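Structure first, commentary second.
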Amino acid sequence: MMRGAFSMIRLVGGTARDLAPIVVIVVFFQLVVIQQPFADLTKIVFGLLCVMIGLAVFIQGLEMALFPVGEALAGAFARKGSVFWLLAFSFGLGFGTTIAEPALIAVAEEAAVTMAAAGAIANADDARASYALALRYTVAVAVGLSLVIGVVRILKGWPIHWLIISGYAVVVLLTTFAPAEIVGIAYDSGGVTTSTITVPLVTALGVGLATVIRGRNPLIDGFGLIAFASLGPIVFVLLFGIVVS
């Protein structure tokens with residue numbers, strides 16, 4: 001009991017240290033540059049404490065559940081020797097974590113509102129909801145397929161840089177043909193997929209596979225799946241924009 005409490009205090013202290021630069025910057029610009037007091041200092045301080053505790057609990061949850069589960073499942077599938085189920089698990093992991101990603105939901109909804117305001121889609125609730133959902137599913141499928149490619153790379157030992165260079169060459173090519181209004185959304189889609197839910201499980205998947213598979217180095221081969229998870233959505237959303245337009 002005491003050990004757990006001490007661990008939580010340590011985590012809260014660590015998150016406070018991590019948040020300190022942000023707090024210093026905000027306070028400096030608010031009081032020195034803008035020269036205005038905070039509107040509701042009590043609420044801000046309380047919210048900051050909630051953020052610190054929430055981050056500490058989240059990190060503790062990653063260490064206790066998500067990382068061990070991801071590594072254990074990846075190792076179990078690798079030892080089972082079934083490539084099909086390993087790839088199916090990779091796709092399902094990428095799709096499931098991405099479709100539930102809060103950042104992607106927010107970006108998709110904002111993209112739908114902006115596209116409706118620009119006249120690219122009908123300015124109606126059904127049209128905006130349908131567009132946002134289609135964008136989310138496009139990104140989720142892209143992340144799933146990207147993880148499949150990343151897992152095949154680990155299994156085969158392919159150099160990651162050639163795949164990444166080829167992927168971004170495709171991105172540049174598609175950018176020239178895609179509608180201008182979808183390009184920014186596509187590039188942002190690559191970033192929002194690598195957030196709080198996706199990153200821990202995907203990282204655990206890569207490291208777990210590279211640890212179990214003979215001849216693979218967890219440090220060299222275990223990382224890099226996040227890069228695929230960022231690249232794939234850009235390609236798919238650009239294609240989505242070309243098809244929709």
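Would you mind pulling out the separation of the Cα centroids of the range 168-245 and the range 31-60, in Å?
33
Could you put Ile154, Ile105, Ile165 in order of accessible surface area, largest first, with the 1.4 Å probe and the full protein assembly present? List each step's numbers first, then the result.
Details: Ile154 0, Ile105 50, Ile165 95 Å².
The residues order as Ile165, Ile105, Ile154, largest area first.
GNM, the chain, Cα, under 10 Å: largest mean-square fluctuation among Gly92, Gly215, Gly47?
With Cα springs under 10 Å in the chain, the top fluctuation among Gly92, Gly215, Gly47 is at Gly47.
I need to check one value: relative contact order of the chain, counting alpha carbon pairs closer than 8 Å and at least 6 residues apart, in percent. All intermediate terms of the calculation are to be shown ahead of the outcome.
On the way: 283 pairs, mean separation 60.6, N = 245.
Averaging sequence separation for qualifying contacts and normalising by length gives 25 percent for the chain.
How far, in nm, would the chain grow between Ser130 and Val51 when pulled straight, counting 0.36 nm per residue and subtracting the alpha carbon separation? Could the numbers behind the result be given before it?
Working: separation 79, 0.36 × 79 = 28.44 nm, distance 3.30 nm.
The Ser130-Val51 span can extend by a further 25.1 nm.
Let's see if you can work this out: charge +1 on each Lys and Arg Cβ, -1 on each Asp and Glu Cβ, no other charges. What is the dipole magnitude of the chain about its Cα centre, in debye to the nearest 20?
Values: 12 positive and 12 negative charges, 198 e Å.
For this selection, approximately 940 debye.
Mark the label point 7 Å from the Cα of Thr114 along Cα→Cβ and return the residues of the range 139-176 whose backbone N is within less than 14 Å of it.
Within reach of a label on Thr114: no residues.
What net charge is computed for the residues neighbouring Ala116, neighbours being all others with C-beta under 14 Å from the C-beta of Ala116, Lys and Arg scored +1, Asp and Glu -1?
Details: positive: Arg128; negative: Glu109, Glu110, Asp125, Asp126, Glu181.
My count for the surroundings of Ala116 gives -4.
Can you tell me the Rg and the Dmax, both Å, for the Cα atoms in the range 117-239?
16.4, 55
Going 7 Å from the Cα of Leu31 in the Cα-to-Cβ direction, what parts of the range 41-77 have a backbone nitrogen less than 13 Å from that spot?
41, by backbone N distance to the label point.
Starting from 0.36 nm per residue, how many nanometres of slack lie between Ile165 and Ile22 once their C-alpha separation is accounted for? Kindly include the intermediate steps, with their values, before the conclusion.
Details: separation 143, 0.36 × 143 = 51.48 nm, distance 3.42 nm.
The Ile165-Ile22 span can extend by a further 48.1 nm.
Would you calculate, for the chain, the mean residue ellipticity at 222 nm contributed by helices, counting each DSSP H stretch of 4 or more residues as -39,500 (n - 2.57) and dividing by all residues, to the nearest 500?
Values: 11 runs with 197 residues, N = 245.
The helix contribution divided over the chain gives -27000 deg cm²/dmol.
The values are calculated or read from the model by the stated rules, or taken from the named source; none is laboratory data. As the structure is a prediction and not an experimental result, all values here were calculated from the model. When we count neighbours, we look across all protein chains shown, and the Cβ atoms used for this are built from the backbone with ideal geometry, even at glycine. Note: areas computed on protein heavy atoms with side chains; ligands, DNA, RNA excluded. Shrake-Rupley method; radii C 1.70, N 1.55, O 1.52, S 1.80 Å.
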